[in-house]
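What follows draws every value from the coordinates through simple rules; no lab data is involved. Treat the numbers as computed from the prediction; the structure is a model and nothing was measured. Don't worry about glycine lacking a Cβ; one is built from the backbone with ideal geometry, like all the others, and counts go over all protein chains shown.
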Amino acid sequence: MLNFNTLTAFSSTYCISICAFLIPANLIATSSTIILTLLDRPAIAIWQTAGIASFFALLMILHVFAWFMIGVVMAPTYILLVLGSICLLANFMAILSHRHFALRT
């Protein structure tokens, strides 16, 4: 069973480390998904990179939600929430656009 107190304590204790990993990971993985989509690579490659990038984006969003549960409402929390949401949306759009163009040809 998940203990949210433990997760929020971990999130607040290691916030700098978590963000130092997740921000570049989100940007690099989402950029890879977009580049592979623009280069019209095979669907499996796009699905793999989008899956990894979506995982990082969801971790970022959960990290921000942990901060909201603690009561930290500051500009960085909203900025990270927007970053994670945009990365997640970009990955879903890459999958949908590749599927749309694959059906047309």
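Data table
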read-out: Hey, I16 of a type outside the set (D, E, K, R), assigned to a helix (DSSP H, G or I) and either touching a strand residue (DSSP E or B) at 6+ places or on another chain (Cβ under 9 Å) or exposed (fewer than 13 other Cβ atoms within 10 Å of the Cβ) (or both) or not; value: yes
read-out: Filter pass, S54 being crowded, with 17+ Cβ neighbours inside 10 Å, of a type outside the set (V, I, T) and assigned to a helix (DSSP H, G or I); value: yes
read-out: Test: residue in the stretch 21-41 that is out of contact with any Phe, Trp or Tyr (no Cβ under 8 Å at 6 or more places or on another chain), in a helix (DSSP H, G or I) and of a type in the set (K, R); value: no
read-out: Pair list, Cβ under 9 Å, 6 or more apart: the stretch 17-41 residue free of Cβ contacts under 8 Å to residues at least 12 places away in the same chain and farther than 20 Å from V64 by Cα, other residue outside any helix (DSSP H, G or I) and not β-branched (V, I, T); value: I35/R41
read-out: Qualifying position, being β-branched (V, I, T) and surrounded by fewer than 17 Cβ atoms within 10 Å (Cβ to Cβ), among I70, I95, I46; value: I70
